[in-house]
Amino acid sequence: MTTTKRNYRGTFIIDNRGQEESIDKLIEDVKTEIAAVQGEVTAVENLGKRDFVRVTDKKFTSGVYVQIAFDAPAEGPAQLKERFRLNNTVYRIFIETL
């Protein structure tokens, strides 16, 4: 029995403070997490480093924005948010249905 997959676009803010790995490696880690929830990445767009409009931490005023388009089951976004909740490399997540 196959599960129905939906199209999503996730915007991830990568926090690379204190990280030795490159941004490309951190993006690959995000793609691995998407695959772990039965997701399939279709497109990746690195939007670069941008300043935050509302700064919540004075020591962290900008981050690297990455948009990833992927297909996943309906419960995929909730599972993905839960997986990143304790992950320090992803600062914020916004997932929308396409």
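Under a plain spin-label model, where a point goes 7 Å from the Cα along Cα-to-Cβ, how far apart in nm are Thr97 and Glu20?
The modelled label-to-label distance comes out at 4.4 nm.
Just in the chain: which GluC sites (Glu not before Pro) are loop by DSSP and have at most 10 other Cβ atoms within 10 Å?
Glu20
Over the chain, what per residue volume does the convex hull of the Cα atoms give, in whole Å³?
Residue-normalised Cα hull volume stands at 101 Å³.
Using DSSP to call loops (not H, G, I, E or B), can you name the trypsin sites (Lys or Arg not before Pro) in region 1-76 whose Cβ has at most 15 other Cβ atoms within 10 angstrom?
Within region 1-76, the qualifying trypsin sites (Lys or Arg not before Pro) (loop, at most 15 other Cβ atoms within 10 Å) are Lys5, Arg17, Arg54, Lys58, Lys59.
Quick one: if you stick a label point 7 Å off each Cα along the C-beta vector at Arg85 and Asp57, how many nm between them?
Using points 7 Å along Cα→Cβ, the separation is 1.9 nm.
Might you report the magnitude of the Cβ-based charge dipole of the chain about its Cα centre, with Lys and Arg at +1 and Asp and Glu at -1, to the nearest 20 debye?
The calculation lands at about 400 debye.
Per 0.36 nm of contour for each residue apart, how much would the distance between Ala78 and Thr11 grow if the chain were fully extended, relative to their Cα-Cα spacing?
22.7 nm
For the charge dipole of the chain, defined by +1 on Lys and Arg C-beta atoms and -1 on Asp and Glu C-beta atoms about the Cα centroid, which residue among Ala74, Val55, Gly18 has the Cα displaced farthest towards the positive pole?
Projecting each Cα onto the dipole axis, the largest value belongs to Val55.
Say each of Lys49 and Tyr65 gets a label point 7 Å from the Cα, pointing the same way as Cα to Cβ; how far apart are those two points in nm?
Label at Lys49, label at Tyr65, 1.6 nm between them.
Laboratory data are not the source of any read-out in this text; all were calculated from the coordinates shown. What you see is a predicted model, and the numbers here were worked out from it, not measured in a lab. Please note: Cβ atoms are built from the backbone with ideal geometry, for glycine as well, and neighbour counts cover all protein chains shown.
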